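Presented below is the structure to which this report refers.
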Amino acid sequence: MKLAQTLALAAKLLARDYRAGELTLIAVAVVIAVAGVTTVGFFTDRVQRALDVQANRLLGADLVVSDTRPPAPMLGEEALKRGLRAITVMRFPSMAISGERTALSDVRVVPEGYPLRGELRIADRLFEADRVARAIPSPGTVWVDERLYTTLELGPDGNVALGNARFKIGGIITHEPGVEIGFLSGAPRIVLNAADLESTGLIQTGSRVRYRLHIAGDTAAVDAYRTWAQPRLRPGSRIEGIRDARPELRSALERAEKYLNLAALTSVLLAAVAIALAARRYLQRHLDACAMMRCLGASQALILGLYFVHFTMLGVVAAAAGIAIGALTQAVLAAWLGKIVAVSLPSVSAWPMVHGATVGLLLLLGFAVPPLMALAKVPTLRVLRRELGLPAGLGRVGYVLGAVVIAGMILWRAQEWKLGLTVLGGAVAGVACAGLLSWAVLRALKVLRGRGGAAWRFGVASLQRRQLGTILQVVALGLGIMALLTLTLIKTDLLRTWSESLPPGAPNRFIINIQPDQAEPIRRFMAGRGVAAPELFPMVRGRLVRIGERKVSAEDYTDERAKRLVTREFNLSWATRMRPDNRILEGAWWEAKGAKSDQFSVEKGLADALGIRIGDVLTYDIAGTPVTARVTSLRSVDWDSFNVNFFVVAPPGLLESYPATWVTSFHLPPGHVATLNALVKAFPNIVLIDIAQALAQVQGMMGQAALAVQFVFLFTLLAGLVVLYAAVASTQDERLFQATIMRALGASRRQIRHAHLAEFTLIGAVAGFVAATGAAGLAWYLARRFLQLEYVPDPTVWAIGIVAGALGVAFAGYLGTRRVLQVAPLQALRALG
C-alpha cells in the first residue's frame, strides 16, 4: 500500500476511534504528561534566556572584579591603558533612619559614570512614570528603592540618615543593573554618591564592604584584559563576565529546573501506566477487526504500519494540546514565583515545545508498542473462533521497551547521572514499598470481607479478584495524594515543629559591626533600658589560604558549597570557654587561660566540606598577614539556637592584635521597638538584623516554592485519576457482564451501585492510607536528615488522606461505572454473545 493510502486509512481509523471514544483515555494521558513537562520547560527556558539576553545589563558592566578589599590599583590602571572604562563600586549593609523608623538597607556607593552598562531608572514620586538617570545622585542626596521609601514612610520631602550624615531623597529607584533578577534580592536599596561616603563615617575597621571593579569596552579588549587579570587576582577575588553573569542564580535555576522536571516526570510515569491499561483495552476491542483484515489479505507489516501511523497521528494531536496547555499554565507558575524570580520574561521559545512533543511521542509509542505488536499477530482463525485469546510472544518485550523509555526520560530530565539514578532507584523502591503496603492492606480486608452487607462483600471480592490491577491503582493514586499531603499538611507540620523547637527566649536580633570602643557603651545602653545586657564576641575576618603545605583554591573542590567557602572571608573569633550549644566531636578544647595560643577549633561541617582533619595546620590571611595554627578539635554547632557562633575559634593570644569588630545576639521582648530605634540613633554605624523578619522572608519563599511544586504535582494527581479511570475502563466489559448476571438473578441497580461505591471507596481509602504513610515517612526523614528535629507524625494526616482519598476516588469511580447500570440486561447479553 502506498504511503498516501496508508496515511488516509490511518486518518479514517483515528476519526472512527475518536468518535467511538476508544482513544480518549490514551489522549488525555499524553496531554497531561506533555502539559506537565512543557509547563516547567517553558518557565525555566524563559528565565534562562532572560539571563542570556540581559547579561551585561544585569552585571552593570562587561566585566567585574569582586573582592572584600579595595581592588589592586594596577587592575584599574591596566584597564585604562587598554582603552577600557573602569569604575569602583562599593556595597555594604547599613541602618537607614527616618524619624522613629529604621530599616536595614543595602547601600551602593557609586562614582561618576555608573552604570557602565544597562540602565538605572528613577522616578520623582512613588508610582509615577520613571526615566533613565543621566547621572548619579547629586551630593547631599540619595536614591532609594520603593521598599525603603514605603518602609520608612518617607514622603515627597522626606530625608534619611546614614551614619553621621542626613540626605534628601533625590529619586526612587525603579530599575538598577544587577538586581532586576534575583532570589530574595535582599534588603531595601540605597544609591549613594561616592563623594558623600566619608561624611557618613560608616566605613571603619572591620566593616563589611564588597568592592566591585566594573570594566566596559570593546569585546576583544575586554577578553584580552580578562586573560591578563585572571592570574594576577588575589586569593578570594573573583572575576565575572557576561558569559557567567549571576552564577548563583544560574545554579539555583538549574537546581529548580531539575526538581520541577522530576516532579513533572511523576505525572509522566503515571500517564505511562494509564496508556498501558488503555492500550490493552484498545487491543482487546480491535482483535476482531484485525482478524478480518488478515482474512482480506492484509499482511502483518501492513497492519503494524497502519496502527503505527494511527498512533503517531494521535500522539502529534495530543502533544499539541499538551503544549498549548503548558504554554498557558506556565504563565500561572511565573506569577506564583514572581516574588522569588522578579524578571521581565521573554516570549516562549520552540525548544520546550520540541521537548514536550518528544516526551509525548516516546511515551505513547513506548507503551503502545505491545498492543501494536499483538494486533499484527492476530490469527485469521479468530474470525471463526472468538474464544482465541490475546496473541502471545512480543508483549513482554514491548513492556520492557516502555520501562526503558521511562528510565531514559528520568535520566534525561534529571540532567545528571547521579541525580537521575538516585531518583530512578528511589522511584522503584517507593513503588515497591507502596505495592507491598497495598497488598498487606488488601489481605487485611479479606479477613473483614464477611462482616458487612452484600455491597461490602461484593466490593471487597472485586478488589481481591483483580488484585494486581487494584494494587496498580492504589500505588498510582497514592503517589499523587502523597505529593499533595507532603506539600500542604506535612510542610506546615514541619515548619511548626521547627518553630516550636526554638526556646522561648531564643535570640531574635543580631548586631554586627560593633567597634571595640562601643562594646561597653552598648552593654550599658541595653541594661539602662530594661533589656538584659547581651554577651559580645570579638570577630576577625580572614581568608583560608593553606591547609598544611597545600594552597587552597576553588579549583581543588567539586562541591559548590566548598567552592564558595574557600573564596569567602571567614569570621574568626577567640574564647576561653566553649559555647554551651557546641559539642566536641574530636580532639579536646582548651580550658585554661594560659593555653597554648596557636590552636584552632573547627566546626565539623566546614571540616568535612574542605577536607580538614585533626592535626592539620591552617593558614589564614588576615589583613595581608598570614596567621597559622594547628587544628586541635572539631565541634558540632547548634546553628538553630540563633546564638552567636563561629566556624573557627582560637584561644586568647592569637588574634587580638588584628583589626576586629564585635557581634552579639539577644532576645528583645515585644513592645521594645523604641529601644532599637534609640540604639541605632546612638550608634549609627552598627548593623541591626531582625531574625524574625528574616525567618518570615525565608518561610514566605518556602511557601511560594512549595506552591509552585504543588502546581506541578496537580498534573500527578490528574494522571493518577486517569489511571483509575483507565483501570475502570479496562474492566468495563467484565463489569457489564457481572452486572448483567446479577440483575438477571434479581439484584437491583441500587445494590450494584452500592457495590461499586464500596469497591472504589476502599480503593481511595487504601490509597489515602498509603499516601499518608509515605508522606509521614518522608517528613520523618527530612526532619532527621536535614532539620535535625524529632518529628512526631500528626494523626490528622492519615484521617485527611483516607477521607479525601475515599471520597474523591468513590466519586470518580461512580462516574466511570455509571454506564454499566444504564444498559438493559437483554441488550448486554446479546452484545456479549
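Every read-out reported here was derived from the displayed coordinates using simple, explicitly stated rules and does not represent laboratory data. What you are looking at is a predicted structure, and each value in this text was computed from that prediction instead of being measured. Using ideal geometry, Cβ is built from the backbone for each residue, glycine included, and neighbour counts are taken over all protein chains shown.
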Percentage relative contact order, region 594-633, counting C-alpha pairs under 8 Å, at least six apart: 48
Mean separation of Cα contacts under 8 Å (6+ apart) over length of region 540-640, as relative contact order %: 36
Full-extension gain in nm, residue 597 to residue 5, via 0.36 nm per residue minus C-alpha separation: 204.1 nm
Listed pairs 168/563; 563/681; 551/596; 604/681 exceeding 31 Å between Cα atoms: 168/563; 563/681; 604/681
Region 96-203 - percent relative contact order, Cα under 8 Å, separation 6 or more: 39
Built amide H within the under 5 Å cut-off of residue 175, gap 5+: 121
Built amide H within the under 5 Å cut-off of residue 574, gap 5+: 650
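Given a Förster distance of 41 angstrom, what is the FRET efficiency for residue 130 paired with residue 219, based on the Cβ-Cβ distance and rounded to 0.05?
On the way: r = 30 Å, r/R0 = 0.73.
That gives a FRET efficiency of 0.85.
Report the full-extension gain for the segment residue 12 to residue 289: residue separation times 0.36 nm, less the Cα-Cα distance, to one decimal in nm. Write down the numbers at each step before the final one.
Numbers: separation 277, 0.36 × 277 = 99.72 nm, distance 1.42 nm.
Length gained between residue 12 and residue 289: 98.3 nm.
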Estimated inter-spin distance, residue 461 and residue 296, nm [label 7 Å along Cα→Cβ]: 4.3
Efficiency of FRET from Cβ geometry, residue 418 and residue 19, R₀ 51 Å, rounded to 0.05: 0.60
Charge tally in the Cβ shell below 13 Å around residue 630, where Lys, Arg are +1 and Asp, Glu are -1, residue 630 excluded: +1
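Tell me, what is the FRET efficiency for residue 527 and residue 153 to the nearest 0.05, using R0 = 30 angstrom and their Cβ-Cβ distance as r?
Numbers: r = 31 Å, r/R0 = 1.03.
The pair residue 527/residue 153 has a calculated efficiency of 0.45.
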Distance between modelled label sites at residue 583 and residue 429, nm, 7 Å Cα→Cβ extension: 2.6
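Which percentage, to the nearest 5, of the DSSP beta bridges contained in region 521-653 is antiparallel? Before the final figure, lay out each step's value.
On the way: 22 of 30 bridges.
Beta bridges within region 521-653, antiparallel portion: roughly 75 percent.
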Length released on extending from residue 506 to residue 799, taking residue separation times 0.36 nm less the Cα-Cα span: 102.0 nm
